[in-house]
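First comes the structure, then the notes that go with it.
Nothing in this text is a laboratory measurement; each read-out follows from the coordinates by a stated rule. A quick note: this is a predicted structure, and the numbers were derived from the prediction, not measured. Don't worry about glycine lacking a Cβ; one is built from the backbone with ideal geometry, like all the others, and counts go over all protein chains shown.
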Amino acid sequence: MDARDPITTARGVGPVLGRRLAAAGCRRIVDLLAHLPLRYEDRRSLGRLPGADDDSTEPVKPGPLTVVARLENLKRVFGRRRFSRVEAVAHDGAASVGVVWFNRPYLAQQLEEGVPYLLHGPLRRRGADGPWQLSNPSVERIGGAESDGGGVRPVYGRIGEVPPSRVARLVGDAIRTLRDTSGPEWIEEWLPHEERTKHQLPRLAEALTEVHSPSREASVEELNARRSPAHARLAYGEFLLQQLQLAAARRRRRRSGKPHRYRADGVAWEAATSLVPFRLTGAQERVLGEIADDLAGEEPMLRLVQGDVGSGKTVLAALSCLIAARSGLQSALMAPTELLAEQHFASLEGLLGSGMTVALVTSSQCVASDGGAVEEGIADGRVDLVVGTHALIEERTRFTRLGLAVIDEQHRFGVVQRQSLVRKGLRPDLLVMTATPIPRSLALTVYGDLDVSILDEMPPGRRPIETRVTTGGRMEEAVNDVRRRLERGGRAYVVFPRIDGGEGAAAGLPSLTESGPKWARALAVPHGVVHGRLRRQERDETMSRFAGGSIQVLLATTVIEVGVDVPEATAMVILGAERFGLAQLHQLRGRIGRGTDPRLGDPLCIAIAGEPSAEAERRLSVFADSTDGFRIAEEDMRQRGPGEILGTRQAGLPQFRFGDLARDWNWLVAARRDATELLDRLADPGNDALRRQLGRRIPGLLP
Ligand code: ADP
Ligand code: MG
């Protein structure tokens with residue numbers, strides 16, 4: 001028997017069960033073995049039942065208990081409605097306690113009186129001071145085929161319609177049979193010796209045996225946390241396969257080379273950095289260096305810059321474009337919204353306008369900083385930099401010598417859309433900027449063929465934002481705190497979870513149209529309103545009046561979430577805060593405290609929640625405790641899972657069977673490092689098994 005044989009060849013699997021298993025994706029024996037136990041029960045130390053004649057001095061404590069006992073007075077009891085329970089008295093020779101099973105009526109037939117069973121379950125008192133009772137214990141006949149008495153027992157989930165107890169039996173039988181027919185190496189080891197010894201990981205057969213039938217020495221705590229050496233072997237192996245594929249893709253891309261050339265003499269760099277009116281932070285300088293090296297290299301760049309809101313990514317984007325222009329190449333800066341594209345255009349025109357020609361391309365505007373024709377200018381090379389939204393740049397624009405494409409605030413879109421540029425026959429260097437840092441672990445997997453730079457330093461002079469989370473309608477207190485900041489010359493956002501009506505109305509969520517006027521009156525300064533249903537022109541006017549200071553309060557929906565840069569904004573109130581995700585809250589908060597003028601005082605963000613669920617409460621407390629976008633992102637992923645973070649079932653998001661991006665992050669990092677190096681040794685004769693493994697294109701599965 002081989003682990004890759006069809007499941008129907010396994011002991012105890014007939015055609016019917018075979019079909020059921022196959023329907024749940026379990027077609028081969030390895031698929032069955034890839035179904036790991038949900039948890040483990042420690043039954044190594046047998047206990048005794050508590051009794052009146054107990055002579056031990058230790059008091060009996062409630063908690064899990066494993067005992068060998070015989071059952072008496074076995075009966076099924078019918079309760080009210082459809083509930084039924086099975087009751088018995090368990091006797092271990094010295095003492096006895098009552099046992100009860102809920103909703104398992106079949107036990108009344110299955111169990112026998114007078115024979116020994118291994119019982120494992122919580123021992124509790126009935127009522128405050130009542131008799132002891134074992135409730136819902138697992139029960140196993142001693143000496144039967146599938147019992148070895150105590151030990152660490154795996155507990156499985158169902159596979160499709162196949163119940164857990166059946167799964168346990170099948171897995172146990174399969175491993176025993178494989179070992180009996182093929183010896184201890186019953187499944188081919190494909191992880192190279194070097195990696196295995198470097199990380200001190202068990203062999204594959206050993207790891208699978210250990211997760212399904214842990215040895216007596218195993219740490220149940222580690223097993224339950226899925227941090228045992230066996231679990232680590234499976235997770236690391238899975239990550240390594242994925243990272244090898246990504247590394248191979250990265251290498252292919254690199255080898256393809258690029259058609260354009262940048263100046264590599266540092267002149268462009270000098271020119272660029274001398275333009276900015278401030279000193280770059282250490283992190284900015286480092287990352288700009290990484291970008292410049294990529295540009296000067298022979299391979300096309302594919303780099304992701306992660307940096308928290310306000311860490312100065314857009315500035316880097318502009319400088320990179322300038323380096324391109326100084327090398328005689330065109331560049332494109334793509335933003336997620338028109339609002340942001342216009343904002344970038346305005347600031348870049350100011351920053352770079354004298355040295356180069358910048359054009360704006362949106363659905364409503366097409367302008368160039370030199371006043372000339374836009375489309376022709378791009379096509380004949382007069383325009384150096386095009387700023388706009390993705391769609392427009394990708395679909396409409398014809399470049400003559402595009403060298404660099406920058407995608408700003410990429411997280412709004414999920415996975416990088418570089419395909420459309422490639423389809424147009426363009427192979428520019430690609431720079432992707434993202435805030436809401438995608439957790440590092442996700443970046444390495446989803447964007448694993450990108451190089452990642454991290455901007456982990458804020459420009460100097462920023463004041464830390466104080467964040468306060470309150471529940472209920474503490475409006476006055478919030479109003480007072482915001483007013484104090486307005487009086488110092490600051491500006492404030494009040495963010496609403498909805499505009500009006502709609503599904504939120506029933507849930508009692510505050511809306512812009514209902515509660516907005518109340519806030520405007522209370523704050524008593526000139527205010528404006530922005531939301532997604534306004535005409536663009538109206539919205540833009542309001543935004544620029546807010547930026548200019550003729551209105552001091554902006555009542556808004558989350559349209560302001562991304563990129564909006566008003567340095568005087570020092571206060572934000574977020575209403576219905578329980579409705580927002582962590583990443584979104586963090587983005588919103590990133591709109592304030594961007595300036596450095598000490599006269600404005602310390603920035604404050606007040607999140608007001610209605611009735612938060614336990615989950616929302618956890619989220620809000622992480623939000624209040626940390627302003628570190630990376631920590632928030634990791635926490636967000638822990639709470640919501642990677643799929644949710646990138647938008648559900650994002651194309652390209654790998655599904656891992658064993659590894660967990662949050663829990664096993666260090667294994668992922670190790671796998672990434674090892675993969676790059678292993679790629680060079682992949683052709684070695686000793687790595688046949690690994691190559692075969694890579695060739696089997698069943699993502700994430702171990703066989
Ligand atoms: P991000 O795009 O990462 O959110 P920006 O590039 O928009 O950040 O920068 C945020 C603000 O900080 C802008 O007003 C920008 O001019 C300013 N800024 C960026 N880098 C520096 C720096 N090194 N020193 C001072 N101010 C900076
Ligand atoms: Mg930005």
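Results, tabulated for the structure shown:
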{"read-out": "Acute angle (nearest 10 degrees) that the helix 614-625 long axis makes with the longest principal axis of the chain, alpha-carbon atoms", "value": "50 degrees"}
{"read-out": "Pair-distance profile P(r), taking every C-alpha pair of segment 578-618, with 10 angstrom steps and integer %", "value": "25, 43, 23, 10"}
{"read-out": "Sequence-distant residues sharing a close amide H with I187 (under 5 Å, placed H)", "value": "A205"}
{"read-out": "Cα-based Rg and Dmax for segment 466-626, where Dmax is the largest Cα-Cα distance (Å)", "value": "14.6, 43"}
{"read-out": "Residue order, fewest to most surrounding Cβ atoms within 10 angstrom, among K61, K518", "value": "K61, K518"}
{"read-out": "Filtered GluC sites (Glu not before Pro), segment 193-275: DSSP coil and at most 11 other beta carbons within 10 Å", "value": "E217"}
{"read-out": "Per-pair calculated FRET efficiency, R0 = 45 Å: A614 and R536 via Cβ, rounded to 0.05", "value": "0.65"}
{"read-out": "Quotient of Cα Rg and 2.2 N^0.38 Å for segment 77-225, N being how many residues it contains", "value": "1.35"}
{"read-out": "Dimensionless Rg/Rh of the chain - Kirkwood Rh, Rg from C-alpha atoms", "value": "1.06"}
{"read-out": "Proxy reagent accessibility, fewest Cβ within 10 Å first, across V529, V309", "value": "V529, V309"}
{"read-out": "Cα-based helix-to-principal-axis angle, 313-326 vs the chain, degrees rounded to 10", "value": "50 degrees"}
{"read-out": "Cα pair distances exceeding 19 angstrom across segment 120-206, given as percent", "value": "63 percent"}
{"read-out": "Separation between Cα centres of segment 476-551 and segment 236-272, rounded to whole Å", "value": "45 Å"}
{"read-out": "Least to most buried among M572, M458, M637, M475 (fewest other Cβ within 10 Å first)", "value": "M475, M458, M637, M572"}
{"read-out": "For segment 249-259, 3J(HN,Hα) per residue [Karplus equation, 6.51 cos²θ - 1.76 cosθ + 1.60, θ = phi - 60°, Hz, x = Gly/Pro]", "value": "5, 4, 5, 4, 4, 4, 5, 5, x, 9, x"}
{"read-out": "Placed amide H near V387: partners under 5 Å, 5+ positions off or other chain", "value": "L333, A359, L360, V361"}
{"read-out": "Under-5 Å amide H pairs with L65, H placed in peptide plane, nonlocal only", "value": "G121, L123"}
